[in-house]
């Protein structure tokens, strides 16, 4: 992390990718990610959940949570980070749910909080303790700007905050400020110098990587036999898998236009779902797929149901944009290290098993290309003099007529974040649910993110309300698609599959009232 370490002035440069998240942000497109956490207290415990959360955050106030933005005038370069003090009274707040405190009301409250922009004059995170759940459970929602971290860095942050036991040893209190932090706002010259050094290094790196990029692209576009022969002599690609060009072409085909692909407005809708990972894994293993492929199949089935009910199901397959992590094993740097890929959702196929196999092949080709090209995919880019231009282009793209005119690259964003495999605690409170929330953007008004936590996949569905007014309807469709896939999977091979007809999941309010 040498390029992003503190320099002598105590400043830390943003990567170009993280800077883009700042430049793209507007009132209609907040660029933070978040998560909803559900907890239960030990029997007979009467302590304050708010105080337990506050103690946890005070003890785990790692440097990433102390970052303050320092910007250059006119957006001539990316801002830089400096370490500073954190006012926990501002960043940790209590929110009272409307009575009677149903699961539906909780989701609506979280959706409203997720729609609000973070204050850039302070560290870019907020935590809301949610009081008044009818079930007696405790909950909080936290959001952090995507410029500070990506999904996997967020999991690493959770590891620094939570414990794996209800009675962890006391952590030493963090220092008031890091040793190299400057409590005073640095001058414009210092910020400009830090930004210039960063971008100059990225330009040099880009020039050095250009020959490798050309060789990598040549290896992908050659016919398979020639590509394998070329790769066999290339030390950089000796372990790279073959790229299925036919499936790759199908994956990167433009998506059809749907009501989800509009210029989004500020309102947000949020819904949750949970799936047993062992059941997903069993189906995936049977068909030579991954758990992520099965989830994509369920997303496709849910969107088929929803769009068909609305009379808007296109004949052409929907396309999902799927982030793929570029992190090496053990890398916990608190910055974005991922690239976006496109995967065909095979939504034109009516049979769930056929749909799963088609998604498996499409996602496999995309992953193979990413693995082959991983060494030359940038996780940082120089943006000296252009942040204002990125913001202007984003504003232009946010115009409804522009979105309606340009082709659709993806219909939905789907992310899979590998979370902690063990149960976590906030003080004595055991975490029983961990739902992620992510970003929607102009042209893609729906985001489905899943988090694997303690053997369960927790899905967070976020939508712009003008694209999908109540995303809980789609969450019910996803559970219906899951029932249909399981019915087809358990049907004997000689018997035609008879998908279950599901009238929809019960109301979320009753779900929480009955939640153990």
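The values are calculated or read from the model by the stated rules, or taken from the named source; none is laboratory data. Since the structure is predicted, the reported quantities are computational estimates derived from the model, not experimental observations. Positions of Cβ are backbone-derived with ideal geometry, glycine not excepted, and every protein chain shown enters the neighbour counts.
Only one of the listed residues (9, 23, 15) is modelled with pLDDT under 85, over 30 Å from residue 459 (Cα atoms) and in contact with a helix residue (DSSP H, G or I) (Cβ under 9 Å, 6 or more places away or on another chain). That residue is 9. Mind checking whether some residue in region 330-353 is modelled with pLDDT of 90 or more, surrounded by 20 or more Cβ atoms within 10 Å (Cβ to Cβ), touching a strand residue (DSSP E or B) at 6+ places or on another chain (Cβ under 8 Å) and not in a strand (DSSP E or B)? Looking through region 330-353, at least one residue is modelled with pLDDT of 90 or more, surrounded by 20 or more Cβ atoms within 10 Å (Cβ to Cβ), touching a strand residue (DSSP E or B) at 6+ places or on another chain (Cβ under 8 Å) and not in a strand (DSSP E or B). In region 84-122, the residue that is surrounded by the fewest Cβ atoms within 10 Å (Cβ to Cβ) out of those that are farther than 27 Å from residue 448 by Cα and in contact (Cβ under 8 Å) with a residue 60 or more places away in the chain is 85. Confirm whether residue 144 is under 14 Å from the mean Cα position of the chain (by Cα) and in a helix (DSSP H, G or I). Spelling it out, it is not the case that residue 144 is under 14 Å from the mean Cα position of the chain (by Cα) and in a helix (DSSP H, G or I). All conditions in (1) at pLDDT 95 or above; (2) part of a loop (DSSP other than H, G, I, E, B) hold for residue 419, with the sole exception of (1).
The condition of being at pLDDT below 80, closer than 22 Å to residue 61 by Cα and buried (at least 21 other Cβ atoms within 10 Å of the Cβ) holds for residue 150.
Show me the strands (runs of 3 or more DSSP E) entirely contained within region 34-136 in which 3 or more residues are at pLDDT 95 or above.
Numbers: elements: 67-70, 80-83, 92-96, 125-131.
Fully inside region 34-136 and qualifying: 92-96, 125-131.
Looking at region 454-468, is at least one residue in the same structural domain as residue 306 (by TED's automatic domain parsing), on the phi > 0 side of the Ramachandran plot and either surrounded by fewer than 24 Cβ atoms within 10 Å (Cβ to Cβ) or in contact with a helix residue (DSSP H, G or I) (Cβ under 6 Å, 6 or more places away or on another chain) (or both)? I'd like the intermediate steps shown before the answer.
Residues of region 454-468 in the same structural domain as residue 306 (by TED's automatic domain parsing): 454-468.
Then drop every residue that is not on the phi > 0 side of the Ramachandran plot, which leaves 454-455.
Retained after the next criterion (residues that are either surrounded by fewer than 24 Cβ atoms within 10 Å (Cβ to Cβ) or in contact with a helix residue (DSSP H, G or I) (Cβ under 6 Å, 6 or more places away or on another chain) (or both)): 454-455.
Among the residues of region 454-468, at least one is in the same structural domain as residue 306 (by TED's automatic domain parsing), on the phi > 0 side of the Ramachandran plot and either surrounded by fewer than 24 Cβ atoms within 10 Å (Cβ to Cβ) or in contact with a helix residue (DSSP H, G or I) (Cβ under 6 Å, 6 or more places away or on another chain) (or both), which makes the answer yes.
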